[in-house]
1. Considering only A149, V189, A84, whose Cα is most displaced toward the positive end of the charge dipole of the chain, charges sitting on Cβ of Lys, Arg (+1) and Asp, Glu (-1)?
2. What does the charge dipole of the chain about its Cα centre add up to, to the nearest 20 debye, if the Cβ of each Lys and Arg holds +1 and the Cβ of each Asp and Glu holds -1?
3. Taking 0.36 nm per residue of sequence separation and subtracting the Cα-Cα distance, how much length would be gained by fully extending the chain between F136 and T90, in nm to one decimal?
4. With labels modelled as points extended 7 Å from the Cα through the Cβ direction, what inter-label distance (nm, one decimal) is found for R47 paired with L124?
5. What distance in nm separates the two pseudo spin-label positions at S184 and Q33, each 7 Å out from Cα along the beta-carbon direction?
6. Between D206 and D75, what is the spin-label point distance in nm, taking each point 7 Å from the Cα along the Cα→C-beta axis?
7. For the chain, with every protein chain kept in place, what is the accessible area per residue (1.4 Å probe, Å²)?
8. Using 0.36 nm per residue of separation minus the Cα-Cα distance, give me the extension gain between A144 and T99 in nm, one decimal.
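The values are calculated or read from the model by the stated rules, or taken from the named source; none is laboratory data. Quick caveat, the model's predicted, so the values are computed rather than measured. Positions of Cβ are backbone-derived with ideal geometry, glycine not excepted, and every protein chain shown enters the neighbour counts. Note: areas computed on protein heavy atoms with side chains; ligands, DNA, RNA excluded. Shrake-Rupley method; radii C 1.70, N 1.55, O 1.52, S 1.80 Å.
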Amino acid sequence: MNQGSRAPFVVAHRGASAALPEHTLAAYELALQEGADGVECDVRLTRDGHLVCVHDRTVDRTSSGTGLVSEMSLDELRELDFGAEGAPATVLTLSELITLVLDWRTRPTKLFIETKHPVRYGALVENKVLAELQRFGIATPASADHSRAVVMSFAATAVWRIRRAAPLLPTVLLGESSRYLGGSASTTVGATAVGPSVRTLREHPDLVDKAAAAGRATYCWTVDEPDDVRLCADLGVSWIATNHPGRTKALLATV
Ligand code: G3P
Ligand code: CA
């Protein structure tokens with residue numbers, strides 16, 4: 001690890017999703033029990049305006065049903081099983097996930113919320129995310145470090161919307177291209193962190209120092225291989241998203 005830098009914080013990607021079905025309450029509870037410093041979720045809007053934690057446009061891969069999330073009501077989604085054999089699970093709302101994270105009293109953890117685009121409801125997604133964070137009293141943190149929520153997107157416009165409406169909330173501009181992440185886009189939208197994939201980081205490790213020089217943190221995804229965990233620690237990455245939070249915490253304790 002770089003002298004003077006601390007170990008990366010570990011973010012459970014879709015919960016402890018290597019062990020349990022992604023985006024389920026059980027997967028997030030396990031991640032927190034395993035010591036994750038934060039949890040990541042993707043959010044989408046239902047037809048009747050509820051934010052749910054679902055990665056894909058459709059529910060086909062992750063539930064017992066089929067169809068577009070944007071065309072289903074929350075009640076219709078609640079009819080489906082998002083769990084595994086013998087361990088059924090209902091769809092998780094963002095509200096339920098925020099409640100879990102804020103109620104986790106053993107230590108303060110962060111929630112990394114990713115908005116997906118392009119989507120039918122456009123900017124309404126960020127508006128609803130902000131309304132939800134306001135409802136829980138976490139939309140205006142004292143500082144980025146103290147914030148319980150971080151909003152992320154591959155869409156620069158989405159990051160900009162959050163920055164404009166809630167300047168104190170930390171944001172991550174996600175991307176695959178080092179030219180994009182190392183260029184002016186993150187400055188233009190006011191992102192407080194850049195979010196390269198681990199593949200991009202392997203090819204362009206200088207991204208971390210470049211971001212730091214501009215006052216930005218680095219969030220790297222999805223870091224499951226031990227060599228990549230060590231690379232992130234060596235480079236001084238601030239946050240690593242992984243499907244294996246427990247194993248990753250244990251590994252980082254040794255580097
Ligand atoms: O944490 C960022 C990462 O989740 C982005 O990719 O497809 O897993 O949402 P994806
Ligand atoms: Ca994601």
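1. Positive-most Cα among the choices belongs to V189.
2. Dipole size: approximately 880 debye.
3. Numbers: separation 46, 0.36 × 46 = 16.56 nm, distance 2.22 nm.
Fully extending the segment from F136 to T90 adds 14.3 nm.
4. For the pair R47/L124, the computed spacing is 1.2 nm.
5. Output for this residue pair reads 5.1 nm.
6. 5.8
7. Per residue, the chain has 44 Å² of solvent-accessible surface.
8. Extra length from A144 to T99 when fully extended: 14.2 nm.
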